[in-house]
Amino acid sequence: MVTTLGMVALALLAALLAVVVAQRARRPAEPLPPVLLGLELARMAKHVRLVEESDQPWKAERLAATTLAYDLVLRDYCRSVDLPVPEGRGSLSRSQRFEMESALITHGHDW
């Protein structure tokens, strides 16, 4: 019985080691090019407008979710073109969103 437990523990340790080695060998994901982020931002902006104009149930929740997704793509787009991004991971305020969109337009980026 002790030998069986020892063998199981050894097998688990070997499997864990294989996972750690695989994680270290994984290359970091390459960032998306700004052009693709601009296209994604345009798609998200259209989706936000569709939710705003719709009359589906749970509209407030849908709008909060799509706005958060838009804000995340907006942050990624600004980072990809080396523009300042506010700290945090949640939704942006209207003024923060306006400033980021204005900065993108000022630097020649559109969506």
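Every read-out reported here was derived from the displayed coordinates using simple, explicitly stated rules and does not represent laboratory data. Since the model is a prediction, treat every value here as computed from it, not as a measurement. Here Cβ is always computed from backbone atoms with ideal geometry, including for glycine, and neighbour counts include all displayed protein chains.
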Inset, instruction - Step through the residues of the stretch 64-73 one at a time and calculate ³J(HN,Hα) from phi using the Karplus curve (6.51 cos²θ - 1.76 cosθ + 1.60, θ = phi - 60°), rounding each to whole Hz and writing x for Gly and Pro. - result: 5, 5, 5, 5, 4, 4, 4, 4, 5, 5
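Can you tell me the relative contact order of the chain? Whole percent, Cα pairs under 8 Å, sequence separation 6 or more. Please report the intermediate quantities before stating the final value.
Values: 58 pairs, mean separation 28.9, N = 111.
About 26 percent, as a whole number.
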Inset, instruction - Please tell me the relative contact order of the stretch 64-105 in percent, rounded to the nearest whole number, where contacts are Cα pairs under 8 Å and at least six residues apart. - result: 44
Inset, instruction - Could you list the GluC sites (Glu not before Pro) in the stretch 43-87 that lie in coil according to DSSP, counting only those with at most 15 other Cβ atoms within 10 Å of their Cβ? - result: Glu87
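How big is the dipole moment of the stretch 34-106 about its Cα centre under a simple scheme where the beta carbon of each Lys and Arg is +1, that of each Asp and Glu is -1, and everything else is neutral? Debye, nearest 20, please. Walk me through the numbers on the way to the answer.
Numbers: 10 positive and 11 negative charges, 18 e Å.
With Lys and Arg at +1 and Asp and Glu at -1, about 80 debye.
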Inset, instruction - Determine, from the Cβ-Cβ distance of Val35 and Arg94 and an R0 of 30 Å, the FRET efficiency 1/(1 + (r/R0)^6), rounded to the nearest 0.05. - result: 0.65
Legend entry - GNM result for the chain, Cα springs below 10 Å: residue of Ser91, Ser80, Ser54 fluctuating most strongly: Ser54
Legend entry - From phi via Karplus (6.51, -1.76, 1.60), per-residue ³J(HN,Hα) for the stretch 91-101 in Hz, x at Gly/Pro: 5, 8, 6, 4, 5, 5, 4, 4, 4, 5, 5
